[in-house]
């Protein structure tokens, strides 16, 4: 039986209610895209994005990601004033640092690029690093920079709920427990989305299904080449002297980040032997079925304990496992697919999906409604791998390499 309250027509259907899907839905509704419907097979805002670290960083590895980061932060900073919906964030700044000569050289090169792309960066010495972030000993830093503009969202789900609420205030519909079972393509163009609740006729679909985005892509005859990779983090019990506005610290030689969290600290990172998964091989896969290995977090702790001595004595309050969608070149997949007219992609987060989601959503909305993106995003073309014919094994290997080298993109 078809649910009589379920929509039968839409101008845009967005699939996947994580950060990218919710931000895109809000941006489309804000841009006047018409009837916008967001579908998710689970309760919206409960999967990988809800398990993120909540970190926003301006220092990125490319100009297009830097512009998206700046746009995302501007949207988050001005969200409550514009929409009336609270979106709590912490104006903390961050410290980007390295302890080895090789990684210090990388920091200097990235800082030079970042300044060229308009990022404010301030060189600091070890004493200043410790003063700004007292939980960081700062004894062995060879290169350290303060990024004053960085922020974080304490509880990631709060941002997802803010986009959800604001989108619905603008007339969008967000519907959970509505898995997409098919995408109808006729004459080379999207015409409808199929669900157990009924069909929604639509000329435009945005695939923001995260770790399931490749499955959704196949429904429209499109390859969305992403490799899901597990990511772990840990939150400690409260630590004396920790304050929310103390800077996030990224220690790149250990591929580890640390930030204040709930009176203690959160830490996580990018291990050298990550677990790559294919949701299609796990029946009924959801984040609740993600295998967890606390030894991964133990290794992060041990790698940085000299710089963060409190980690030796604090107890664990929470351990969290999520997933990143990695691409072969470490860049997002954003824009229209050549496989079918009206099929668009917002995937391939590569560890930055939560923090860049607001920017990507706004770019897609301007592109869909206005006919062109606000700036050059050709580096994110979702069709760029079409001629490479990557095998699943090659994609897996490339995705793992990108994950392992998140803080060392040159393979240092």
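Per residue, the convex hull around the alpha carbon atoms of the range 174-220 comes to 78 Å³. Computed over the range 5-78, the P(r) curve from all C-alpha pair distances, binned at 5 Å from the origin, holds 3, 13, 19, 20, 20, 14, 7, 2, 1, 0 percent per bin.
Calculate for the chain the 222 nm mean residue ellipticity that helices alone would give, adding -39,500 (n - 2.57) per DSSP H run of length 4 or more and normalising by residue count, nearest 500 deg cm²/dmol. The helix-only estimate for the chain comes to -9000 deg cm²/dmol at 222 nm. Entry note, the chain: relative contact order of 24 percent, from Cα contacts under 8 Å with a spacing of 6+ residues. Over all pairs of distinct alpha carbons, what does the Kirkwood formula give as the hydrodynamic radius of the chain, in Å? So the Kirkwood estimate lands at 21.5 Å. Contact order, relative form, for the range 1-122: 18 percent (alpha carbon pairs under 8 Å, 6 or more residues apart, mean separation divided by residue count).
Based on Cα contacts under 8 Å between residues 6+ apart, the range 116-220 shows a relative contact order of 15 percent. The ranking of 289, 65 from fewest to most other beta carbons within 10 Å of each one's beta carbon is 289, 65. Based on the Kirkwood approach, the hydrodynamic radius assigned to the range 55-203 is 18.8 Å, with every pair of different Cα atoms included. The fraction of Cα-Cα pairs per 5 angstrom bin, counted from 0 for the range 135-231, comes to 2, 9, 13, 15, 15, 14, 9, 6, 6, 5, 4, 2, 0 percent, rounded to whole percents. Dividing the convex hull volume of the alpha-carbon atoms in the range 158-306 by its residue count gives 171 Å³ per residue. Listed from fewest to most Cβ neighbours within 10 Å, the set 26, 6 follows the order 6, 26. The C-alpha atoms of the range 299-352 occupy a region whose extents along the principal axes are 57, 22, 12 Å, arranged from largest to smallest. An ellipsoid equivalent to the range 83-146, defined through the eigenvalues of its Cα gyration tensor, has semi-axes of 25, 18, 9 Å when rounded to whole angstrom and sorted largest first.
Both the radius of gyration and Dmax for the range 227-334 are 15.2, 46 Å, in that order, over alpha-carbon atoms. Mean silhouette area of the range 120-178, derived from the convex hull of its C-alpha atoms and averaged over all directions, reads 7.1 nm². The translational diffusion coefficient of the range 348-398, from Stokes-Einstein at 10 °C and 1.306 mPa s with a Kirkwood hydrodynamic radius over alpha carbon pairs, comes to 123 µm²/s. Over the Cα atoms of the range 255-412, the radius of gyration divided by the Kirkwood radius equals 1.02; this is the Rg/Rh ratio. Of 367, 344, 212, the sequence from fewest to most neighbouring Cβ atoms within 10 angstrom is 367, 344, 212.
If you average the alpha carbon positions of the range 196-247 and of the range 165-179, how far apart do those two centres end up, in angstrom? Measuring centre to centre over Cα atoms gives 17 Å. Each residue of the range 7-127 gets 157 Å³ once the volume of the Cα convex hull is shared out per residue.
Values quoted throughout were computed directly from the atomic coordinates according to the rules given, and no laboratory measurement underlies them. Keep in mind that what you see is a predicted model, and the values were worked out from it rather than measured. Quick reminder, even Gly has a Cβ in these numbers, built from the backbone with ideal geometry, and neighbours come from all protein chains shown.
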